[in-house]
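> Handing you a structure now.
Just so you know, all these numbers are worked out from the coordinates, no wet-lab data involved. As the structure is a computational prediction, the values presented were derived from the model and not from experiment. Here the Cβ positions follow ideal geometry from the backbone for every residue, glycine too, while neighbour counts run over all protein chains shown.
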Amino acid sequence: MRGSVGVYYKDKLIYEETNLLVNGAGSLLADIMTVSPSLSGVPDHATSSILDSSNYTIQAISFGTAQSAYAENAHIYTESKAYLLSSVFGGTSSVIDVIRHREPLTADWKTVSSYSPTSLLPHYSDPSLPTLEVSSDVSAVVSGIALSSIVPGNGQNLNLIPSAYHHAVFLNTALSSLSAVGGAILGCWPEGSGGSTEAGSVGGTDFSAFSGTSLSAPEDVAYSGTYNGMFNAASSMDTSGFVNMIMSASPNDADAYLMSSTTSGLCVSGGTDTGNSGTVEYSLTLGKGDLGGANLYGGIYNMGLWTIDIDKSLLAGNTPPYSFDTLNNPRKYRLFAVKSFSRNIARITDAAGPAAGCINYGDCLIKWRIHFL
Amino acid sequence: MRNFIDDLGINGHLTIIKKYNDGEEEIVFDDHNVIVSGMGVGLAYLFTGSGSNVITDYQIDRFQVGVSGATSLELSTTNSLSGGLNYSEYGNGSNLFIEQCTQIIGDKDLNPSAFALIPANKVTRIGDNAVRYTLVVDEESCNGLAGQAGEDEYLNEVGLFMKNPRGATVNASLLVAYRAFSIIRKTNDFSLIFRWTLNF
C-alpha cells in the first residue's frame, strides 16, 4: 500500500492512508521518455498535439465498489421493480429503488432509515490491474437481455441515471424502450438539482427503499427522498464514471490560473520549487447526493486516478487535443494510482433524534497527494 | 514518508563497455545507478502543469561525463556532476553533438554548461516500463583530458539529464540519474559505450 489519500467528511478528517501506484504509472513514464520528438515537425495540428504535456498528466478520477456489489443493492432487477420504474413513477427516469435487506425485518430494524449495502471487500491490491475492479458487470437481465451485453462493466460506477445519458447509450439497442429501467439498474450517480425530469420534479433523483422481498407496491416504501448529484450538476462526470480534471493552480507560478472549486471537478495544485515538499495535490468534493446515490448501489470502496491513454485514444480514431465530453468522451484513460478502502466511505447511520441517515449526508472532500520529493 | 520515486520503484542499471577499433568489446562496469531528486522535481513540474507544455521537454535526451566522481555523490540529493567536462573537453573532432545551455543545480542556474545529446534512435523502449539509453563517447571524444596543472585526468562519473522541464526559452536541464565508476583514461584507441536502462 502506497501513497496518501485523505478523506474529509463535514470538514473533519475521517480517513488518511497510503495509496498504490500501479503499473500504468510506470508505463506512462516510459511513454513520455520514448515519444518521438519528430512529431513536432509535422504540420498537422492533431499529430503535433500528441506532444502536448496535458496528454500525459492526471486527467480524471473515478469511484467504484467491490465486484460482488454490482450484482446486489440497487443493481438488482425484478419485474416488480421494472413495473414501479415504468408505471408507478410515471415512467420517470430519475428513480433509484432498492430493497432493504436483512429480512425478516425486526421491529427495531423497521425504524432504520439508512441503507447498508450488501458488499464484500474490493479486490486485493494488485499493481497490474488496469481497472479499479477485475469485473463489474451488472448481472441484471431485463426482458431476457443481459444489461452487461449492452453496457459492460468497466470496473467502476457508471453514470447512466440522467435521461440524456441512458437514452444515448441504449439507443438502437434491443432495450432502447427500456433505457430508463436500464439506467436505474446500472446507476450510480443522481441527476443534478438543476436538471429536469419527465415527472416534472425540480430535479435530482428520487430514491425509495422498500420493505419486503419485492417491490410490490408504493405503500411498502420504508423511506424515500431525493438526491441531488453534484457531478451531474457540474457535468463533470462522463457516462463511464470518469470525473474530469478541470483546473491547475501552482502557487509559485505567477501565470497560473486561480484554484477552481472542488465542486466543479478534479482540481490539481502544487508547487515545484526547492522550498516546498514537491507535493502535488488532487482534490475533489463528493457531494452529499452523490454519496447517498452511490451508497444505494453498493457504496464506495475504490478510487482511481487516471491519465489519458493516448495510444488507445488514437486507436479509437480520436486525435488530440482531447476535449472532455460527458456523453461521447474521446478520451481513453489509463489507470495511474488506486486507493481501496476496507470500509465504505459512503456509509451512513441514523443520527440521534429524527434525522434519518439517508437524508443526513454531508459533502465529502477527497485530498489525494503524490509526493515527488 | 516514501516519495513518488520510491513508491513507483524507479531504478536503473548501467553497463560501461570499451569498444576497441578492431571490434573487441570489454565490459568495464556493470552496476545499478542512482535516481536523484531531480527526477521528482521534473515530474512535479509536469504533473502540476507548471512546467513546459511540450512533453519532449521532460525527456532524458542528454548526458554529461566528468572527472571528479565519488561514491559519496551517489545520493538522491546529488544535483550535478562534481567535475563535468566543458565544451572543448568533449573534443572538437568527435561525433558527439554538444549543446551549451543552462543547468539547474538546486535553486541556482549554472550557465553555460555543456551537455552531450542522445540521438533519438539511441533511446529504446525495451519493455512496458523500461527504457534503454545508449550513450556513445566515440574514439575522438574526451581524449587526453588534463587538469589545470597538466596532470592526467580520468573519466569516472556520468549523469543523465532531463531536457528542459521548466519550459525555459534556453534549455535548462536537470540531473535525474547519476553514477560514479572506476577511472578510465580515454584515448582514441576505443570508444566508450554507456548502456543505461531505466525501469519506471
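> In peptide B:103-111, what is the residue-averaged number of other protein chain Cβ atoms found within 10 Å of each Cβ?
Working: counts 0, 1, 0, 1, 3, 1, 0, 0, 0.
Mean inter-chain Cβ contacts per residue within 10 Å come to 1.
> For the protein assembly as shown, what are Rg and Dmax over the alpha carbons, in angstrom?
Looking at the protein assembly as shown, its Cα Rg and Dmax stand at 28.4, 99 Å.
> Give me B:Y58, A:Y282 sorted ascending by neighbouring Cβ count inside 10 Å, so fewest comes first.
Details: B:Y58 26, A:Y282 22.
With the sparsest Cβ surroundings first, the list reads A:Y282, B:Y58.
> In terms of Cα to Cα distance under 29 Å, which lysines are near enough to A:K81, apart from those fewer than 8 places away along the same chain?
A:K110, A:K288
> A further question on this structure: Out of residues 5 or more away from A:I308 or on other chains, whose amide H comes under 5 Å of its own, with H placed 1.01 Å from N in the peptide plane?
Correct list: A:T57, A:Q59, A:R334.
> Treating the beta-carbon of each Lys and Arg as +1 and of each Asp and Glu as -1, no other charges, what is the dipole magnitude of the protein assembly as shown about its Cα centre, to the nearest 20 debye? Don't skip to the end; give the middle numbers.
Values: 31 positive and 54 negative charges, 214 e Å.
With only Lys, Arg, Asp and Glu charged at Cβ, the dipole is about 1020 debye.
> When you look at the Cβ of every residue in A:50-62, what mean number of other chain Cβ atoms sits within 10 Å?
Values: counts 1, 5, 3, 14, 4, 1, 4, 6, 2, 0, 0, 0, 0.
For peptide A:50-62, the averaged partner shielding equals 3.
> Determine which lysines satisfy two conditions relative to A:K332: a Cα distance under 22 Å, and not lying fewer than 8 residues away in the same chain.
Hits, sequence-local ones excluded: A:K312.
> What share of Cα pairs, in percent, lie more than 25 angstrom apart in the stretch B:8-199? Intermediate results must be reported in sequence, preceding the final value.
Values: 5646 of 18336 pairs.
Beyond 25 Å sits 31 percent of the P(r) for the stretch B:8-199.
> Using r as the Cβ-Cβ distance of B:N11 and B:D109, and R0 as 30 Å, what FRET efficiency do you calculate, to the nearest 0.05? Please list the in-between numbers first.
Values: r = 28 Å, r/R0 = 0.95.
After rounding, the FRET efficiency stands at 0.60.
> Could I ask something else about it? Under the definition of Cα pairs under 8 Å and six or more residues apart, what whole-number percent is the relative contact order of chain B?
Details: 479 pairs, mean separation 64.0, N = 200.
Once divided by the residue count of chain B, the mean separation gives 32 percent.
> A further question on this structure: When Cβ neighbours within 10 Å are restricted to other protein chains, what is their mean count per residue of peptide A:33-44? If you can, show how the numbers build up before the last one.
Numbers: counts 14, 8, 5, 3, 9, 2, 2, 3, 0, 0, 0, 0.
Per-residue shielding by partner chains comes out at 4.
> Once you treat every alpha carbon in the stretch B:20-116 as an equal point and sum by Debye, what is log10 I(q)/I(0) at q = 0.11, 0.12, 0.23 Å⁻¹?
Values, matching the q order: -0.44, -0.52, -1.42.
> In the protein assembly as shown, with Lys and Arg counted as +1 and Asp and Glu as -1 at Cβ, which of these residues, B:Y20, B:L73, A:G293, has the Cα nearest the positive end of the dipole, that is, farthest along it?
A:G293
> Using Cβ contacts closer than 10 Å as the measure, can you line up A:Y165, A:Y9 from fewest to most? Walk me through the numbers before you get to the answer.
Details: A:Y165 24, A:Y9 18.
Fewest-to-most Cβ neighbours within 10 Å comes out as A:Y9, A:Y165.
> If you don't mind, there's one more thing I want to ask. I need the phi-derived Karplus couplings for the stretch B:192-199: 6.51 cos²θ - 1.76 cosθ + 1.60, θ = phi - 60°, integer Hz, Gly and Pro marked x.
So the J values, rounded to whole Hz, are 10, 10, 9, 9, 10, 10, 10, 10.
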